[in-house]
Structure formats: C-alpha cells, structure tokens
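The next block holds one structure in the form of structure tokens; read it before the comments.
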Amino acid sequence: MRRILVVANQTLAGQHLAHEIRDRMAAGPCAFHLVVPATPPGRLATWTEGETLGIAGHRLHEALTRLKELGAEATGEVGDPNPMDAIDDAMRDGSFDEIILSTLPAGISRWLKQDLPHRVQHRYAVPVTHVVGTD
C-alpha cells in the first residue's frame with residue numbers, strides 16, 4: 001500500500017486537493033497522512049499560538065472527515081508552524097512514497113515565497129506533487 005504525505009493549511013479544503021487524492025485512490029491502494037502546519041493566518045493582524053493551533057486543528061478534523069467519506073484511509077496531525085520543519089518531522093516519523101504539497105497561488109503564498117516545493121523536492125527522494133488552490 002502506498003503511503004502519501006499531504007501538506008496543506010489554508011488550501012486543505014480545496015477541490016484541487018480532493019481531485020489529487022481521488023486520483024491516487026483510483027490508481028491503487030493507498031493511505032494518506034495529512035500534516036497541517038500551524039502557520040499564523042495571514043488575515044489576522046494579531047494572533048496567539050493557541051489560535052493558530054485551533055485553526056489548524058479544525059481544518060485537519062474537517063479534512064479527515066471528508067477523506068473518510070470518500071473512503072480514504074487517512075490520519076493526520078497539526079505540524080510545526082514552519083512548514084519545512086513540519087514536513088521534516090513527518091518524514092522522520094514515517095515512511096512515505098509521495099508528498100503532495102498544496103499552496104495558495106503565487107503572489108499570496110508565503111510557502112511559495114520560501115520556495116518550499118523546490119526545497120522539499122531537493123531534500124527528499126520521493127516524488128513531490130505541488131498543487132495550487134485558493135483559500
């Protein structure tokens with residue numbers, strides 16, 4: 001069974017990501033592990049760590065519910081606020097065959113400004129699929 005790491009935050013509920021997950025399920029048995037980095041929301045001028053954890057936890061819970069409704073085998077966790085550190089933690093704790101990284105579009109995505117898709121591709125010897133969604 002293929003194990004796929006899915007990393008997203010604001011775009012976690014997007015149809016673009018659901019499409020990728022359905023494609024993987026159609027290709028054969030797989031299990032998904034979602035990591036939602038607890039990054040501060042860009043729309044809030046001030047925030048607390050508790051708020052970011054709460055928002056990420058809520059998104060994770062909703063996404064796991066949707067995936068299970070699709071028939072997917074899925075687990076998940078709220079990750080480090082730094083998305084690269086969150087991915088490193090997940091990769092250290094598990095063995096994955098692929099990483100799906102979902103970001104906001106260029107211009108508004110902090111993850112793209114950090115060059116996260118390329119950094120992940122260079123660090124890990126697994127295929128990395130970058131998908132772009134909206135919040």
Among helices (runs of 4 or more DSSP H) entirely within segment 57-129, at least 1 residues that are charged (D, E, K, R) and modelled with pLDDT under 95 occur in 83-93, 110-113
If we keep only residues of segment 109-135 that are without any contact (Cβ under 8 Å) to a residue 60 or more places away in the chain and among the small types (Gly, Ala, Ser), then the residue farthest from Arg24 (Cα to Cα) is Ser109
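The values are calculated or read from the model by the stated rules, or taken from the named source; none is laboratory data. Just so we're clear, the structure is a prediction, and the values are computed from it rather than from any experiment. Backbone-built Cβ (ideal geometry, glycine too); neighbour counts: all protein chains shown.
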